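The values are calculated or read from the model by the stated rules, or taken from the named source; none is laboratory data. All of these numbers come straight from a predicted model, not from anything done at the bench. All Cβ positions, even for glycine, are placed from backbone atoms using ideal geometry, and neighbour counts span all protein chains on display.
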Amino acid sequence: MVFRTLQGRGLTVVVLVRRKGDLIALKISDFGFTTTGQSSKMYESRRGRVTEQYGAPELFLHDQYSKKSDIWSFGCILFEAVSACLDRGTPFSSIYAVTSYYSNTSIPPPQISWQTVGSTPRLIPMSARPMRDRVEQHWQNLNVIFEAVFHRDPKKRPKPRILIKYIQDCQENRPIQRQQT
């Protein structure tokens with residue numbers, strides 16, 4: 001199944017299924033623009049049905065989408081989730097922002113940082129410094145995930161099983177080791 005564009009509002013549900021403590025599956029439900037499809041195949045979009053903030057650049061620029069477009073959309077949802085304290089910040093505010101990122105390789109992928117959250121580490125009291133270090137480690141891991149899911153080349157975005165491994169590592173506060181897709 002290829003979703004074309006997942007989105008954080010409305011019907012989208014992301015469920016992490018566990019078996020004996022291990023993360024084993026990532027289930028997503030958003031059937032608004034869903035179509036059937038194979039993992040490795042690119043499809044053409046002739047109807048222009050897409051939610052701007054969640055669409056991958058290949059959809060906007062070439063009217064093509066694949067399961068790797070869903071990985072991009074998942075990244076947008078994840079970014080929204082971790083920036084929820086910022087009133088649901090989005091990694092890309094418009095189609096122009098997505099296509100500019102795609103075209104200009106000097107623009108880094110969306111990241112979580114002190115600047116993103118509108119704060120500075122100097123505001124953290126000394127008694128909370130250990131927590132600050134842990135938060136920064138989580139941000140580092142999330143930024144590795146964002147770099148992977150927002151790769152400009154869809155073929156280089158992670159497969160779902162690799163994405164699940166990244167999420168497990170993040171959850172366990174282990175540094176993420178980038179893997180080939």
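Quick rundown of the values:
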{"quantity": "Lone unmet requirement of (1) modelled with pLDDT under 80; (2) hydrophobic (A, V, I, L, M, F, W, C); (3) in a loop (DSSP other than H, G, I, E, B); (4) more than 23 Å from residue 163 (Cβ to Cβ) for residue 50", "calculated": "(4)"}
{"quantity": "Residue list for region 76-90, filter: touching a helix residue (DSSP H, G or I) at 6+ places or on another chain (Cβ under 9 Å) and part of a loop (DSSP other than H, G, I, E, B)", "calculated": "88, 89, 90"}
{"quantity": "Enumeration of residues in region 152-181 that are without any contact (Cβ under 8 Å) to a residue 12 or more places away in the chain and closer than 22 Å to residue 58 by Cβ", "calculated": "153, 161, 180"}
{"quantity": "Checking residue 124 against (1) closer than 17 Å to residue 58 by Cα; (2) in contact with a helix residue (DSSP H, G or I) (Cβ under 6 Å, 6 or more places away or on another chain); (3) free of Cβ contacts under 8 Å to residues at least 12 places away in the same chain; (4) aliphatic (A, V, I, L, M), the condition it does not meet", "calculated": "(1)"}
{"quantity": "Qualifying position, being small (Gly, Ala, Ser), modelled with pLDDT of 90 or more and either assigned to a helix (DSSP H, G or I) or more than 16 Å from residue 157 (Cα to Cα) (or both), among 73, 69, 93, 100", "calculated": "100"}
{"quantity": "Test: residue in region 137-149 that is over 24 Å from residue 53 (Cβ atoms), touching a residue at least 12 places away in the same chain (Cβ under 8 Å), assigned to a helix (DSSP H, G or I) and out of contact with any Ser or Thr (no Cβ under 8 Å at 6 or more places or on another chain)", "calculated": "yes"}
{"quantity": "Residues satisfying the stated conditions in region 62-119, i.e. of a type in the set (A, V, I, L, M) and under 21 Å from residue 139 (Cα atoms)", "calculated": "71, 77, 78, 81, 82, 84, 86, 107, 112, 117"}
{"quantity": "Among residues of region 103-136, those that are surrounded by fewer than 16 Cβ atoms within 10 Å (Cβ to Cβ), in a loop (DSSP other than H, G, I, E, B) and modelled with pLDDT of 85 or more, counted", "calculated": "6"}
